[in-house]
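A short write-up of the structure that comes next.
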2 protein chains.
Amino acid sequence: MMARLVMKFGGTSVADIDRIRNVARHVKREVDAGWEVAVVVSAMSGKTNELVAWTRAAAPMHDAREYDAVVASGEQVTSGLLAICLQEIGVNARSWQGWQIPIKTDNAHGAARILDIDGSKLIERLGEGQVAVIAGFQGLGPDNRIATLGRGGSDTSAVAIAAAIGAARCDIYTDVDGVYTTDPRIVPKAKRLDRVSHEEMLEMASLGAKVLQVRSVELAMVHGVRTFVRSSFDDPADPRLGDVDNPPGTLICDEDEIVEKQVVTGIAYSKDEAQISLREVADKPGVAAAVFVPLAEANINVDMIVQNVSEDGTTTDMTFTLPVADFERAMSELEKAKDKIGYAKVQGSRDLVKVSVIGIGMRSHAGVAASAFQALAAKGINIRAITTSEIKISILIDSAYTELAVRTLHSLYGLDAA
Amino acid sequence: MMARLVMKFGGTSVADIDRIRNVARHVKREVDAGWEVAVVVSAMSGKTNELVAWTRAAAPMHDAREYDAVVASGEQVTSGLLAICLQEIGVNARSWQGWQIPIKTDNAHGAARILDIDGSKLIERLGEGQVAVIAGFQGLGPDNRIATLGRGGSDTSAVAIAAAIGAARCDIYTDVDGVYTTDPRIVPKAKRLDRVSHEEMLEMASLGAKVLQVRSVELAMVHGVRTFVRSSFDDPADPRLGDVDNPPGTLICDEDEIVEKQVVTGIAYSKDEAQISLREVADKPGVAAAVFVPLAEANINVDMIVQNVSEDGTTTDMTFTLPVADFERAMSELEKAKDKIGYAKVQGSRDLVKVSVIGIGMRSHAGVAASAFQALAAKGINIRAITTSEIKISILIDSAYTELAVRTLHSLYGLDAA
């Protein structure tokens, strides 16, 4: 039995028929190399937006089940077109819709979760030498209706299918050729990482690295799916791309597959952050709930929360960050709740950035945070807030210092390419 | 139990969100009048062509099953959008894809025939007061894959669903407000017919009246479905449209529902006809097969066939008509088969038109054909070929005389509006 491979292509990789033909050549290369291949595709770029716009024009608030029927059609189209392009170059292939496999989801139409994938029919066809071209982003709800996984859900489809058919690897083709130590537009010396652990990738995805959807990384971590980020813009005929064991890209894998663990793997940053501080909040039980429940009810995602211990035991200052897009709404909610919360005044700053240092090696290395603070201070960068986890340090600073901070930390931890 | 109604809307009736909203208002009117309603929709106009063009660009010859997966997405989108628009104006509604009902078809992907429709789930939901919005043109093949019915198949879907749920009527909304005695662009005095028999409509549809697909009329005839042709461009709020028994339009029904039978019901014409004559063909068994088998194998549809009895029992002339688009190919096929057929020479004319007189009353009235020939001769119109059936006379003439011939026959049989 040959090993199975999942290949996933996003919207820009299937934007038109020429690009879909290019994808077919990538697939043929892997088939020729001996893999049994399942391909997961997104809608042609722009199509999902067009379909979503129609549902909104039909009614601003609309039935999520009907939204799913409309929007899932985009992936259906790509799956059929890619199957045709594969057949045209002599590759045995067929399209599969979510309901045909079936990919069973829960009932949360528009943002459904995959519950179960019956891989048996796929495995049978793959074994007969037929490539499976699977419409991503969609499944079948318990009501026998199409359910979509939410935006970017094709990554999640690909990882879930890889788990269901026991794929040796799940290749995510994107418009970048891997995961970098940081954004190469800011640090030209950024290096492509050969391997990243699931835990690190999860932090990077949550912190603004747009290579993979957070949900797909979680799923890959739970099921131990080896995910591989690589470029769909490479020439499919490039012989290096056919390397079965070591093609160009970044492997996201379990920590124990990473032999030489770096202390720090990468520097991420997340722009468009805002900060709100409540001054002289009563230091008593229930006050945090009084602040954050109204914000949650208004669908405002609060991120870093810092509360200092009060000097005198009566009042304290409370600071948190949030996306700048939610800033005005949050200020207005807090104004409305002023009497209930009880605070002296509210202050806010926009135009902030969160810079994060990520690495599983931090677990066994003390002093990583201290050296970061020292290096930033030496450059005159003021730190507004800090949060840390086992494998991550996040620092809130003024956005004007973004590039300086990222470059400083990138050099500090020895990530610059020679 | 309320009576059930099927309403079918074609591509121009659902061309954009505003038009779809208009359709929703037509549906609401019928729901308010007390009907249980199932709606069948086509793809938004232009969408099917776009999808077909993509499959062709992917590969000129392509897998019909993949074509079906791609092209059926157009109706899927419309069904979801109309369900949303209905809900928005307070009508309980949901979309149904062919595979959800299911509408079972044979395996002839791209031109499938409906084998069976399980109406039980639809009937149950209709009984609960929910409008069913059904994607037309599609069903589920025996291979569990989407199968489309061929172009214009949404009419067929509507009639088949009407039969499956026992609908009292199947309303086909189009861009005209009914079936006319002839083309009003040629004869301004053409009248809208209140009723037409299935047999007559079948002849009209076959002869170029583009109101209904031939296949849908056949199906309506077999199952006795009362089909009603009406306009989607009327104002949905017009109170005359809500008349349960007698709304404006044309009812296509069984002959016994037509009390006062006209001798002639309508005059149809079909442009872009060509004629081919083979001179001095050997008059022996098997010669007709030698002529028409190669044409059939080349997918050329031959229509009127006229063969004269030979004077001397050795050779004869053979004449037939065909669409002008197939003329060159037919001439080339006949050239190739010249030795096998054995004929002296081949002659052809393009630029012809077939004018047909249709009416179930002809069965019991002699002399209809004779009066037609007389009237055309009086206007100096030369008749090139004639074929007749029980309820139809078709006459082939030069296309320059189209309008004159149609107007002459329309007056002759008393069809001009007062």
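The values are calculated or read from the model by the stated rules, or taken from the named source; none is laboratory data. Not measured: the values here are computed from a predicted model. All Cβ positions, even for glycine, are placed from backbone atoms using ideal geometry, and neighbour counts span all protein chains on display. Note: areas computed on protein heavy atoms with side chains; ligands, DNA, RNA excluded. Shrake-Rupley method; radii C 1.70, N 1.55, O 1.52, S 1.80 Å.
Chains B and A together bury roughly 3200 Å² of accessible area, counting both sides, with a 1.4 Å probe on protein heavy atoms only. In this calculation the C-beta distance from A:ASP175 to A:ASP272 is compared with R0 = 25 Å, giving a FRET efficiency of 0.70. Taking label positions 7 Å along the Cα-Cβ direction at both A:ALA168 and B:GLU403, the computed distance is 7.5 nm, reported to one decimal.
Calculated [222 nm] ellipticity per residue, helices only, for chain A: -10000 deg cm²/dmol; basis is -39500 (n - 2.57) per DSSP H run with n ≥ 4, divided by all residues, nearest 500. Rounded to the nearest Hz, the phi-derived 3J(HN,Hα) couplings of the stretch B:166-173 under the Karplus curve 6.51 cos²θ - 1.76 cosθ + 1.60 (θ = phi - 60°) are x, 6, 6, 7, 10, 8, 9, 8, where x marks glycine and proline. When a/c is below 1.5 the answer is rounded, else prolate if a/b is larger than b/c, else oblate, so apply that to the stretch A:33-164 with a ≥ b ≥ c taken from the square roots of the Cα gyration tensor eigenvalues. Note, shape of the stretch A:33-164 comes out oblate. Quick one: among A:CYS253, A:CYS85, A:CYS170, which has the greatest mean-square fluctuation in a GNM of chain A with alpha-carbon springs under 10 angstrom? Residue with maximal mean-square fluctuation among A:CYS253, A:CYS85, A:CYS170: A:CYS85.
Of the beta bridges DSSP finds with both residues in the protein assembly as shown, what % are antiparallel, to the nearest 5? Of the beta bridges lying entirely in the protein assembly as shown, close to 60 percent run antiparallel. Our coupling estimate for the stretch B:356-365, obtained by passing each phi through the Karplus curve with A = 6.51, B = -1.76, C = 1.60 and θ = phi - 60°, is 10, 9, 10, x, 5, x, 4, 3, 10, 10 Hz, Gly and Pro reported as x. Selection among A:LEU202, A:GLN275, A:PHE320 by position relative to the dipole of chain A gives A:GLN275 as farthest towards the positive end (Cβ unit charges, Cα centre). Accessible area of B:LEU207 (1.4 Å probe, protein heavy atoms only, ligands and nucleic acids ignored): about 10 Å².
A label point on A:PRO323, set 7 Å along the Cα-to-Cβ line, lies at 5.2 nm from each of its counterparts in the other copies, closest listed first.
Shape verdict for the protein assembly as shown, please, from the Cα gyration tensor: rounded (a/c under 1.5), prolate (a/b greater than b/c) or oblate. Because a/c hits 1.5 or more and a/b exceeds b/c, the protein assembly as shown counts as prolate. Label-to-label distances for A:ALA53 across copies, nearest first, come out at 1.7 nm, using points 7 Å from Cα in the beta-carbon direction.
Computed about the Cα centre, the dipole magnitude for the stretch B:266-412 is approximately 340 debye when only Lys and Arg (+1) and Asp and Glu (-1) carry charge, each at its Cβ. In the stretch A:1-21, the residues whose accessible area drops by at least 20 square angstrom when the other protein chains are added to the isolated chain are A:ILE17, A:ARG21; the probe is 1.4 Å and only protein heavy atoms count. Distance between the 7 Å Cα→Cβ label points at A:VAL259 and B:ASN299: 6.0 nm. Residues whose amide H comes within less than 5 Å of that of B:ILE89, counting only those at least five positions distant or on another chain, are absent (H built at 1.01 Å from N in the peptide plane). B:ASP245 label point, 7 Å along Cα→Cβ, cut-off 20 Å on backbone N: hits in the stretch B:35-52? Output list for this probe position: B:35-36. When DSSP beta bridges are limited to those with both residues in the stretch B:57-204, what percentage is antiparallel, rounded to the nearest 5? Antiparallel bridges: around 60 percent, rounded to the nearest 5. Within the straight-line cut-off of under 13 Å between alpha carbons, the aspartates and glutamates reachable from A:LYS121 are B:ASP143, sequence neighbours fewer than 8 places apart in one chain being disregarded.
A crude spin-label estimate for the pair B:LYS379 and A:MET2, with each label 7 Å from Cα along the Cβ direction, gives 6.9 nm. Over the protein assembly as shown, average the accessible area per residue using a 1.4 Å probe and give it in Å², no decimals. Solvent-accessible surface per residue comes out at 42 Å².
Bin width 10 Å, origin at 0, all Cα-Cα pairs of the stretch B:266-412: what percent of pairs per bin? Per 10 Å bin, starting at zero, the Cα-Cα P(r) for the stretch B:266-412 comes out as 11, 37, 31, 19, 2 percent. Placing a label point 7 Å from the Cα of B:ALA290 along the Cα-to-Cβ direction, the distances to the matching points in the other copies come to 10.5 nm, shortest first.
Computed from backbone phi, the HN-Hα couplings of the stretch A:139-148 come to x, 10, x, x, 8, 6, 10, 5, 10, 9 Hz, rounded to whole numbers (Karplus: 6.51 cos²θ - 1.76 cosθ + 1.60, θ = phi - 60°; Gly and Pro given as x).
If the segment from A:ALA237 to A:ASP143 were pulled out straight at 0.36 nm per residue, it would be longer than the present Cα-Cα gap by 29.4 nm. Close amide-amide hydrogen proximity is noted between B:THR174 and B:ARG230, B:SER231, B:SER232, each under 5 Å apart and 5 or more residues distant or on a separate chain (H modeled in the peptide plane; Pro and chain starts excluded). Of all lysines in the structure, those lying under 22 Å Cα to Cα from B:LYS336, and not within fewer than 8 positions of it along the same chain, are B:LYS284, B:LYS345. Computing FRET efficiency as 1/(1 + (r/R0)^6) for B:ALA53 and A:ALA111, where r is the C-beta to C-beta distance and R0 is 41 Å, gives about 0.80. Comparing mean-square fluctuations of A:MET221, A:MET201, A:MET304 from a GNM of chain A with C-alpha springs under 10 Å, the top value falls on A:MET304. Using the Cβ of A:PRO236 as centre and a radius below 9 Å, the other residues enclosed give a net charge of 0, where K and R count +1 and D and E count -1. Per the Debye formula on identical point scatterers at the alpha carbon atoms of chain B, with no solvent, log10 I(q)/I(0) at q = 0.13 Å⁻¹ is -1.17.
Summing Lys and Arg as +1 and Asp and Glu as -1 over all other residues whose Cβ lies under 15 Å from the Cβ of A:LYS191 gives a net charge of -1. Remark: the Cα gyration tensor places the stretch B:105-197 in the oblate category, a/c being 1.5 or greater and a/b not exceeding b/c. All other residues whose Cβ lies under 14 angstrom from that of A:LYS271 are scored, Lys and Arg at +1 and Asp and Glu at -1, for a net of -3.
Protein heavy-atom surface of chain B, 1.4 angstrom probe: 49% of the accessible area is carbon and sulfur, with nucleic acids and ligands not counted. In chain A, the beta carbon lying closest to the axis that superposes A onto B belongs to the residue given here with its whole-angstrom distance, A:SER73, 2.
What longest region of chain B stays clear of GluC sites (Glu not before Pro) that DSSP places outside H, G, I, E and B and that have at most 14 other Cβ atoms within 10 Å? That would be B:129-259. Rolling a 1.4 Å probe across all protein chains gives B:HIS109 an accessible area of roughly 30 Å². Of the residues A:THR314, A:THR265, A:THR388, the one that moves most in a GNM of chain A with alpha-carbon contacts below 10 Å is A:THR314. For A:VAL179, the residues whose modelled amide H falls within less than 5 Å of its own, excluding neighbours fewer than 5 places apart on the same chain, are A:LEU193, A:THR250.
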